Amino acid sequence: MVRNPNSIRPWQHVIEPIAGYLQLAYKMEDNPISYASAWNFGPQMEDDLTVEQLVGIAIETWGSGSFEQNLAQSQLHEAKTLKLDISKSVNELKWKPKLNSKQAIIHTIEWYKNTNDQNTRQDLMNFINYYILI
């Protein structure tokens, strides 16, 4: 069930902000005062997908599935578009996302699809190594 299929959100893989925070920590080690402020780590501003597009990519990657729109009248108001301004992180930390939203969704669904208790750690290490190299 999908509430607002046309809403735009800043979709990203969890490894992206982790990489950003690690870059920030590295910079703070030498100059903590200069970097002690708010930072955004997210997708590029032009990399926007709707909820419906995310669901479509997830269903296609998984290989099956469907969704319905929740047409209930008692829905809470939500912003149609949410984005993060990452220009400070790009300019001052020289950080930028390596994956676009579609790639992040595909990698996430593939991980869920292919991971089991026996190979979870190895799958994670393989993805971290892949991420470092891209």
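The values are calculated or read from the model by the stated rules, or taken from the named source; none is laboratory data. All values reported here derive from a predicted model rather than from experimental measurement. In this analysis, Cβ positions are derived from the backbone assuming ideal geometry, glycine residues included, and neighbour counts consider all displayed protein chains.
Structural remarks
- Residue check, LYS83 within 14 Å of the chain's Cα centre (by Cα), in contact (Cβ under 8 Å) with a residue 40 or more places away in the chain and under 20 Å from ARG3 (Cβ atoms): yes
- The requirement of being surrounded by 11 or more Cβ atoms within 10 Å (Cβ to Cβ), acidic (Asp, Glu) and within 19 Å of ASN91 (Cα to Cα) is not satisfied by GLU46.
- Number of the exception - ALA58 against (1) under 14 Å from the mean Cα position of the chain (by Cα); (2) part of a loop (DSSP other than H, G, I, E, B): (2)
- Here THR120, THR115, THR108, THR50 are screened, and the one residue that is in contact with an Asp or Glu (Cβ under 9 Å, 6 or more places away or on another chain), of a type in the set (Ser, Thr, Tyr) and either within 25 Å of ARG3 (Cβ to Cβ) or without any contact (Cβ under 8 Å) to a residue 24 or more places away in the chain (or both) is THR115.
- Test: residue in region 21-33 that is surrounded by 15 or more Cβ atoms within 10 Å (Cβ to Cβ), in contact with a Pro (Cβ under 6 Å, 6 or more places away or on another chain) and either in contact (Cβ under 8 Å) with a residue 12 or more places away in the chain or closer than 23 Å to TYR131 by Cβ (or both): no
- Note on region 82-118: residues that are surrounded by 12 or more Cβ atoms within 10 Å (Cβ to Cβ) and either more than 23 Å from ARG9 (Cβ to Cβ) or aliphatic (A, V, I, L, M) (or both) amount to 12.
- Every residue from region 92-134 that is more than 20 Å from LEU49 (Cα to Cα), touching a Ser or Thr at 6+ places or on another chain (Cβ under 6 Å) and modelled with pLDDT of 95 or more: TRP95
- Restricting attention to region 7-45, the residues being more than 18 Å from the chain's Cα centre (by Cα) and assigned to a loop (DSSP other than H, G, I, E, B) number 8.
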